[in-house]
Structures are given as C-alpha cells and as structure tokens.
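A quick write-up on the structure given underneath.
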C-alpha cells in the first residue's frame, strides 16, 4: 500500500529524456522490461520504415515511440482521475480510501506496461515488412502460430488460433516472454492483466484485477455502482475494455504519440494538436443500460478532438501517402522479396518468425546489409534503388478510380511514353475515412444539465457534424520504373496500401 501511495505521488527510479515529451519517469520493473533484448531490438526498427528517404529527420525508432505511448497513456488515465477528483472536491467529497488509491495505482501501472509493449512485435521496417509478398507467405505457413507458442499455453490469451498472423500477435508473444523474465511480483502486477489490454487478446483477468476493478467502479460511479445495475461479475471485463481503449482506440495513446512524434521528426506542422487541452477534457464514461464503459469527452473538448482527427487525416494524405514515400514503400517491399529469393535468407527469416530467441535478431539492420549485398551484384535491382535512393519517377496521381479505370490510365500513360504498360507502376492508398464516423460513435460526449448538473451521454455524431464529413476514397499514384525503355518488358506490378496500416 505504501508503494502505491509513493508511486502515485511521483516516486520513480529513473528518468528518460524524450525529444517530444521531455522527462519520462520509469519504475524499476519498467526498466527491466526496457532492458530486455526483445525490447531493445526496437532501437533498430524505424517507426516509419524508410520515410526518412523523403523526410530526412524521420529516423526515430519504435523504441522511443513505445516509451512515449506509455507516457501519454499514463497522462490520459491520470487526467481523467484528476478531473473526477476536482468534481468530488466541488461537492466536498474528497476523501480517498487506501483501497481506492491501491486500485488506481494498479490500473495505472497495468496501462503503462500495456502501452510500453503494444508495438513490441513489430519486425523490420514496421508495417511494410508484413505487406511484402514473400513475408506474407512465411507468416501464413500452417503451424506457424503453434511453433511460435511452442511449450506455452497460448489459450490464456487467445481462445483459438488466429487465421492469419499479424504484428499484434507477435506483440502478445513478445510481451509474454518479456514479462516472464521481469519481477512483476514485487510490483504487485499480473502479466495476464497487462497482456489482456493489448489487441487480439481475450483473457480472464486475475483475482487482484477483479478486486481493484470493482473498487475503481465504486469510486467513479457512486450511486450507479451501489444500485447494482451492472452485475458484479461483469465489472472486471468492462474495466478491462476501458483500459484497452486507452492503449488502442480512437482516442488512444498510440495515435497521440505517433502523430506528435512523426510530425516533429518529419519537420511538418500538420501533425500537431493540443494534447494538454484534449486530455483535460477526457472523462470516464459509462452507461448502465447497455452496459458500457469507455472514454467520454466534454463539449468543451470537442474542438481539441476535431483537431486531433483532422491532423491525423492530414498526416496520412500529406506525409504517409506522399507520392515519393509510397513509391519507396513499393520498392522496399520488392527489395524484401528479392532478399528472400536467397534460400539461406528465407530459412533464417523463417526461423526468426517462429522462435523468440532469434526473433530479437529481426531488425532493419539485417535487411539493409542484405540490400547492399544484392545491390552490389545486381545494379538493376530494387535493392539497388533502395540503397542508392533511386526513386520511382512519378507520373500522375488520381483519386477514386476503379480497378478498370486504373488499368486504362496505366495503359494510356504507357502509350504516351512509348513503354510497356507493365513498366508503369501503380500504388493505391485506400483511405477508409468513413470509419472515423463509425468508430467515433463509440465515444460519448458527457453533457450536464444546467440546473441539476445531472450527467448524460450522447453519441458524438449527435453533438458534432464534423465527423460526418469524412468519406471513403482511394488515392492512386502512377510511376515509371527506373530504367524502363520501349524495348523492356517486366511482369505487371501494382500494390495497394490501406490508410489503416500505419500506426
């Protein structure tokens, strides 16, 4: 109990200086997590694959992003606690019991570790790695998931085997491995609770979590809690969902950090938003009739939330989907495929993807060395283009073309240039902006009656028309492959990229 009080008052064991957030405090068990080889590997994985070929400052790593997400997640949770305490103070109900302090501390530390480990399963070049054709073949190999969990009961986190492996599944596996090597017992935490708030998992929380969840519910809900409107056995899963939304949701610590960090290192201003104002207007929300528990926002904070969403929209269009950046992403995926044509490289990556001991070796560095080797032997390779920054020659950009229209425009460009249609490369970004409206319907606006001060919740789209302005769209870039001439012929190459693949 004394440790919980000390930690809530700001006691920490180490301070990391971050260029975006400043000083970030760490507890002893978090230092142990960060020092683990599987977490240290994130130092050698760029947050934005090879975006630095277009925005030279964007060389920041998944390592610092993960620590930043932990910091923002902590700020989100504490901001909502602080707001609730201010409201309690106004009503002269300020006393907190030691059990309530202990519960708040437990949930806060669970959020911190969940945020810290949320991206720990990313491989070389982050999202581009899993989009390469040969990597998808490797990850979809039958038995891959069971090999990954060999000797470990994965049903604690996954009730059944996933049909297709994604980086989130690797994050869960890494988190299990790392937390097993950390002295969580002295911190009073349970690994199943931390991993339970990460994506793709479905867990039965520990007895300790269940006890703290009920205490927390009584603390924030007051009369709604004492009325018993929500069955006691349902409360832990609702609180687990609330914590999960802080790690990965529409207003989450991950998005908040990567927008600020990517904008800062890319030296663009469009990723900026007022994080302080947004956090100061977040609240715990619940509805006993559904039942539902999640994030709510005050009407005063809607402007900050709209800035947050629009900044993210602009970052995708102007930075992540920049015509030169998408062209290099295409070359990167093709270069990865080239490297895996070597049976030795193919076998090595296959081993790394099935064994946590060797997974720590899977970083950007391996592929950069492999690219250089291919480039030395094949000057006309995609690896040569990546190593020497030989970009695709951008020809045109069109929006909302059908597949047939893309092929027709590809053929027309080839005819105008006097080259084969297969030498006109197309890269499409499917921007599902309508999901913004759909997903934000899950976030409530906390409205208070002017006289009685009674609180009520409304769907965000009932209060703000801003979120209904977004619709689906497809941006297609057309490129001429380097060295393409009228006499050359290559197999058709085109790939699509979804807006949701960057995070």
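Annotations for the structure displayed:
- Given (1) buried (at least 18 other Cβ atoms within 10 Å of the Cβ); (2) over 20 Å from residue 366 (Cα atoms), number of the condition residue 163 does not satisfy: (1)
- The criterion of at least 2 residues that are without any contact (Cβ under 8 Å) to a residue 60 or more places away in the chain and at negative phi is met, among helices (runs of 4 or more DSSP H) falling completely within the stretch 90-187, by 133-139, 144-148, 167-180.
- Boolean, residue 350 is out of contact with any helix residue (DSSP H, G or I) (no Cβ under 7 Å at 6 or more places or on another chain) and not assigned by TED's automatic domain parsing to the domain that holds residue 458: no
- Test for residue 318: is it surrounded by fewer than 20 Cβ atoms within 10 Å (Cβ to Cβ), in contact with a strand residue (DSSP E or B) (Cβ under 7 Å, 6 or more places away or on another chain) and within 17 Å of residue 429 (Cα to Cα): no
- The listed residues are 364, 380, and the only one of them that is touching a strand residue (DSSP E or B) at 6+ places or on another chain (Cβ under 8 Å) and either more than 28 Å from residue 37 (Cβ to Cβ) or buried (at least 17 other Cβ atoms within 10 Å of the Cβ) (or both) turns out to be 364.
- Where a residue in the stretch 200-212 is within 14 Å of residue 105 (Cα to Cα) and its partner, wherever it lies, is modelled with pLDDT under 95 and in a loop (DSSP other than H, G, I, E, B), with Cβ under 9 Å and at least six apart: 208/188
Yes/no matrix, rows are residues, columns are (1) surrounded by fewer than 18 Cβ atoms within 10 Å (Cβ to Cβ); (2) within 30 Å of residue 362 (Cα to Cα); (3) under 23 Å from the mean Cα position of the chain (by Cα); (4) not assigned by TED's automatic domain parsing to the domain that holds residue 38:
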| residue | (1), (2), (3), (4) |
| --- | --- |
| 170 | no, yes, yes, no |
| 181 | yes, yes, no, no |
| 189 | no, yes, no, no |
| 227 | yes, no, no, no |
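- Looking across the stretch 390-400, just one residue is closer than 20 Å to residue 125 by Cβ and either more than 29 Å from the chain's Cα centre (by Cα) or surrounded by fewer than 12 Cβ atoms within 10 Å (Cβ to Cβ) (or both), and that is 390.
- Number of residues in the stretch 444-471 that are at pLDDT 80 or above, in a loop (DSSP other than H, G, I, E, B) and touching a helix residue (DSSP H, G or I) at 6+ places or on another chain (Cβ under 9 Å): the value is 1.
- Filtering 130, 110 for residues that are crowded, with 18+ Cβ neighbours inside 10 Å, within 28 Å of residue 369 (Cα to Cα) and touching a helix residue (DSSP H, G or I) at 6+ places or on another chain (Cβ under 8 Å) leaves a single hit, 130.
- Helices (runs of 4 or more DSSP H) wholly inside the stretch 342-442 that include at least 1 residues being farther than 30 Å from residue 152 by Cα and at pLDDT 95 or above: 364-377, 382-387, 403-417
- When the helices (runs of 4 or more DSSP H) confined to the stretch 198-292 are screened for residues that are under 30 Å from residue 318 (Cα atoms) and in contact with a strand residue (DSSP E or B) (Cβ under 9 Å, 6 or more places away or on another chain), those reaching at least 2 such residues are found at 235-247.
The values are calculated or read from the model by the stated rules, or taken from the named source; none is laboratory data. Computed from a predicted model, the values in this text were never measured in an experiment. Ideal geometry is used to build each Cβ from the backbone, glycine not excepted, and the neighbour counts take in all protein chains shown.
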